[in-house]
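Colleague: Sharing a structure, written as structure tokens. Questions coming.
Every number in this text was worked out from the coordinates using simple rules, so none of it is lab data. Because the structure is a prediction, the values reported are computed rather than measured. Here the Cβ is made from the backbone with ideal geometry for all residues, glycine too, and neighbour counts use every protein chain on show.
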Amino acid sequence: MNGLLVRVGADLSAGGGSWNGPVDSQTGEFTYVAIPEGSPVHAGLEKPYAALVPALARFGVSLPAHLAGRHMHLDPDFDHLTYGDQGERAKQLRSNLRSGDLVVFYAGLADTRGASQLVYALIGLFVVDSFVLAADISVRDRNVNAHSRRILATGSQDLVVRGRPGSSGRLRRCLPIGEYRDRAYRVKKGLLEDWGGLSVRDGYLQRSARLPRLLNPAQFMRWLEKQRTSLIQTNN
């Protein structure tokens, strides 16, 4: 078994929407907020940020004005159990993973309890079912992923990972994993031991061209099972 750790969700970078989705650090409840869509999509398949208003309201949080009229690049899409990527990251997914392997999603979230530091937390997990090029997804099924919703160039190699139903989804309550040390957000040292280690130096969590690899995915899964969390097939 192999496993990759993938950072997703809105963040404070320009490409990430200059915002972080909210989390209640005491309960683990959160709103999954995706990054903005930066490419043209097929008409009728847009995913407006405005759809998040009810989910955000549960935390007393309002959608920032600069996102209110924009659309999301909703990826991963937990409704459809898909995750898409392109370029180097798509190559890493395809070359490192097979059916039955793991894609573990994490995000940086803003604590509604007032903490100044972000809450880096696991928000979902896929057990890989299969891979498909976004361009090969039928017109009827284009809505299953952000990359198949896009108007793709001829020869596009955008890759879509399908999660295995029943063992993939969004975490009902996120699992905090990060702490700020040595001038960066990193996986907590105790967790690095519990998981059996990561391929990145000292649990580095911030965006990188290389996806962190779980050195002992089976040990990670034993740790996850002990957390008594549950997976749901919905974005929010």
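Colleague: Give the number of residues within segment 199-236 that are surrounded by 12 or more Cβ atoms within 10 Å (Cβ to Cβ) and among the charged types (D, E, K, R).
Modeller: 4
Colleague: Give segment 80-91 a look and list any residue that's surrounded by fewer than 18 Cβ atoms within 10 Å (Cβ to Cβ), of a type outside the set (Lys, Arg), over 16 Å from Val41 (Cβ atoms) and in contact (Cβ under 8 Å) with a residue 12 or more places away in the chain, or say none. Spell out how you get there, then give the answer.
Modeller: Let us first name the residues in segment 80-91 that are surrounded by fewer than 18 Cβ atoms within 10 Å (Cβ to Cβ), namely 86-89, 91.
Adding the requirement that they be of a type outside the set (Lys, Arg) leaves 86-88.
Remaining after also requiring over 16 Å from Val41 (Cβ atoms): 87-88.
Glu88, the sole residue that qualifies.
Colleague: Gly169 fails exactly one of the following numbered conditions: (1) touching a strand residue (DSSP E or B) at 6+ places or on another chain (Cβ under 6 Å); (2) on the phi < 0 side of the Ramachandran plot. What is the number of that condition?
Modeller: Failing condition for Gly169: (2).
Colleague: If I filter segment 174-198 down to residues being in a loop (DSSP other than H, G, I, E, B) and either more than 17 Å from the chain's Cα centre (by Cα) or on the phi > 0 side of the Ramachandran plot (or both), which single residue comes out as surrounded by the fewest Cβ atoms within 10 Å (Cβ to Cβ)?
Modeller: Of the residues in segment 174-198, the ones in a loop (DSSP other than H, G, I, E, B) are 177, 182-183, 188, 196-197.
Applying the additional criterion that residues be either more than 17 Å from the chain's Cα centre (by Cα) or on the phi > 0 side of the Ramachandran plot (or both) yields 182-183, 188, 196-197.
Values: Asp182: 10, Arg183: 6, Lys188: 15, Gly196: 15, Gly197: 16.
Applying the filter and picking the extreme gives Arg183.
Colleague: Go through (1) closer than 16 Å to Asn235 by Cβ; (2) surrounded by 18 or more Cβ atoms within 10 Å (Cβ to Cβ); (3) touching a helix residue (DSSP H, G or I) at 6+ places or on another chain (Cβ under 7 Å) and name the single condition Phe30 misses.
Modeller: (3)
Colleague: From (1) touching a residue at least 12 places away in the same chain (Cβ under 8 Å); (2) over 26 Å from Met72 (Cα atoms), pick out the condition that doesn't hold for Ala110.
Modeller: (2)
Colleague: Starting from residues that are in a strand (DSSP E or B) and closer than 14 Å to Asn20 by Cβ, keep the ones in segment 110-139 and report whichever is farthest from the chain's Cα centre (by Cα). Can you show your working first?
Modeller: Quick first cut of segment 110-139, residues in a strand (DSSP E or B) only: 110-111, 119-133.
Filter once more, so that each one left must be closer than 14 Å to Asn20 by Cβ: 110-111, 119-121, 123.
Values: Ala110: 15, Asp111: 18, Val119: 14, Tyr120: 12, Ala121: 10, Ile123: 7 Å.
Ranking the candidates gives Asp111 first.
Colleague: Assigned to a loop (DSSP other than H, G, I, E, B), farther than 26 Å from Leu231 by Cα and either among the aliphatic types (A, V, I, L, M) or in contact with a helix residue (DSSP H, G or I) (Cβ under 7 Å, 6 or more places away or on another chain) (or both) - does that describe any residue in segment 1-13? So that I can check it myself, show each step before the final result.
Modeller: As a first pass, look at segment 1-13 and keep what is assigned to a loop (DSSP other than H, G, I, E, B): 1-2, 8-10, 12-13.
Narrowing the set further to residues that are farther than 26 Å from Leu231 by Cα leaves 12-13.
Now drop any that are not either among the aliphatic types (A, V, I, L, M) or in contact with a helix residue (DSSP H, G or I) (Cβ under 7 Å, 6 or more places away or on another chain) (or both), which leaves 12.
Yes, there is a match, as at least one residue in segment 1-13 is assigned to a loop (DSSP other than H, G, I, E, B), farther than 26 Å from Leu231 by Cα and either among the aliphatic types (A, V, I, L, M) or in contact with a helix residue (DSSP H, G or I) (Cβ under 7 Å, 6 or more places away or on another chain) (or both).
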